[in-house]
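Worksheet: one structure, shown below.
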Amino acid sequence: MHFREDPHHTESDKARYLTELNALIASREDELKSIRNAYCADIFDKQETHRKAYLDMLGWPLNASIPRPIPTAEIIEELGDEGNYTLIRMRIEVLSGLWLTGLYLRLNTDERRPLVIAQHGGAGTPELISGFYFEGSDVNYNGMVSHLMPHRVHIFMPALLLWDPSFYGQPYDRVSIDARLRRIGGSVTALEVYAITRAIDYFESALNPLSVGMVGLSYGGHYTLFTTAADPRIRSAVSSSFFSQRRHYAWPDWSWKGAAALYDDAEIACLCYPRRLCVEMGDHDELFASNYTHAATDEVKAYSRHAGIDPDTWFECIVFDGIHEYGRMEDPIKRLIRDLESEFPV
């Protein structure tokens, strides 16, 4: 063709299309929020029905009828003594041919004590959150693991597909792996939530813990919330620097087909009832705005009150003075331990 024009000539058309596209999505999100609110109005009365639908939303293997024999576990190496603990690197076969590696702080006692799953976040590993590299090297975890240890609980730290290749090596593409899992009916969240529940299967058999709890930061907060909703064996949980409204943070591995009409963070939190759930967010978090945490909290409380349940009996939101970090407050861990040591489920 002989016609020529400046490449920026159609920039206004592109801007208009982009604006209209975003407006269309936002309008549909508003519409589906109303549908989701109506759909989940009975979430407290029909917990198992909603839990099954939630697992279906996340996909395989959570929604599959897979035999669950006691998992095989192997000790890779004993790393030494840490006071009242033995530090062990181990792996657990969570699916045939798929082994979940992690660090295990085994409390040296014959007394039945709780087990806490401590979950690292993005660019993290069990070694990082344990402060392996130098004093204070657990960065924004603020002693999440070390603060659990004085409470005499067993601690397992799974290693998920979240390490930083620039630091640890072994490059990978989480988004691509998630896409491949979606093609076979699953998701990376479904697979790794399932893996954590299989680790609990192993420890229930091998350790017979008094109870099970879970804590985590950022992606670890994501897995804490999602695993607690999926597995009623988790009695109490602290999810830090994640709880929000997904429409504002529609990351590829945090989005599922039709989720806007089914389950968002607030509804997933409701699936944790009657167990204790504490969510935390820094009011200066550089990744997630705390006002959306407040908004999602209001949704949880509305669902709870609609069911005639006082939300303060099972749910707590703490917005603290801080950034994207695990809260430095002592009360959430102390409450977690009280829950785990209680004779009956909270």
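Read-outs: derived from the displayed coordinates by stated rules, not from any lab. Source: prediction; values computed, not measured. For neighbour counting, all protein chains shown are included, and Cβ atoms are generated from backbone atoms with ideal geometry for every residue, glycine included.
Structural remarks
- Loop-located GluC sites (Glu not before Pro) in the range 203-289 whose Cβ has at most 13 other Cβ within 10 Å (DSSP): GLU286
- In a simple Cβ point-charge model (Lys, Arg +1; Asp, Glu -1; nothing else charged), the range 213-346 has a dipole of about 420 debye relative to its Cα centre.
- Per-residue packing, averaged as other Cβ atoms within 10 Å, sorts the ranges 52-59, 89-96 into the order 52-59, 89-96, beginning with the highest.
- Projected label distance in nm at TYR168 and SER255, using a 7 Å step from Cα toward the beta-carbon: 2.6
- 5 angstrom amide H check on ILE318, placed H, neighbours 5+ away: VAL279, GLU280, MET281
- Its Cα centre serving as origin, the range 1-119 has a Cβ charge dipole (Lys and Arg +1, Asp and Glu -1) of approximately 320 debye.
- Electrostatic bookkeeping for TYR223 treats Lys and Arg as +1 and Asp and Glu as -1; over the other residues with beta carbon under 12 Å from its beta carbon, the sum is -3.
- As a rough footprinting exposure proxy, the listed residues PHE243, PHE315 were ranked by other beta carbons within 10 Å of their own, and the order from fewest upward is PHE315, PHE243.
- Radius 12 Å from Cβ of ARG305, net charge of other residues (Lys, Arg +1; Asp, Glu -1): -3
- Comparing ALA41, TYR85, ILE129 along the charge dipole axis of the chain, the residue lying farthest to the positive side is ALA41, per the Cβ-charge model.
- Within-13-Å neighbourhood charge of GLU204 [Cβ basis; K, R +1; D, E -1]: +3
- Here the Karplus curve 6.51 cos²θ - 1.76 cosθ + 1.60, taken at θ = phi - 60°, turns the phi angles of the range 15-32 into couplings of 5, 5, 4, 5, 4, 5, 5, 5, 5, 4, 5, 4, 5, 5, 4, 4, 5, 6 Hz, with x standing for Gly and Pro.
- Two-site label geometry, THR72 and GLU286: point separation in nm, points 7 Å out along Cα→Cβ: 4.5
- Distance in nm between pseudo-label sites at GLU31 and ALA206 (7 Å out along the Cβ direction from Cα): 5.1
- The chain, helix-only ellipticity at 222 nm - DSSP H runs n ≥ 4, -39,500 (n - 2.57), divided by all residues, nearest 500: -11000 deg cm²/dmol
- Most positive-pole-ward Cα, ILE323, GLY97, ASN140, against dipole of the chain from beta carbon charges: GLY97
- Computed Rg/Rh of the range 1-125, alpha carbon atoms with Kirkwood Rh: 1.23
- Hypothetical label at ARG152: residues of the range 78-95 whose amide nitrogen lies under 17 Å (7 Å Cα-Cβ projection): 82-86
- Each of PRO274, TRP60, ASN108 was scored by the projection of its Cα onto the charge dipole of the range 42-341, and the greatest displacement toward the positive side belongs to TRP60; charges sit on the C-beta of Lys, Arg, Asp and Glu.
- In this Cβ point-charge picture (+1 for Lys and Arg, -1 for Asp and Glu), the chain has a dipole of about 980 debye about its Cα centre.
- Taking every DSSP beta bridge that has both ends in the range 42-341, the antiparallel portion is near 45%.
- Residue exposure sequence - ILE76, ILE184, ILE88 - by fewest surrounding Cβ within 10 Å: ILE184, ILE76, ILE88
- Residues CYS317, CYS272, CYS40 arranged by fewest to most Cβ contacts within 10 Å: CYS317, CYS40, CYS272
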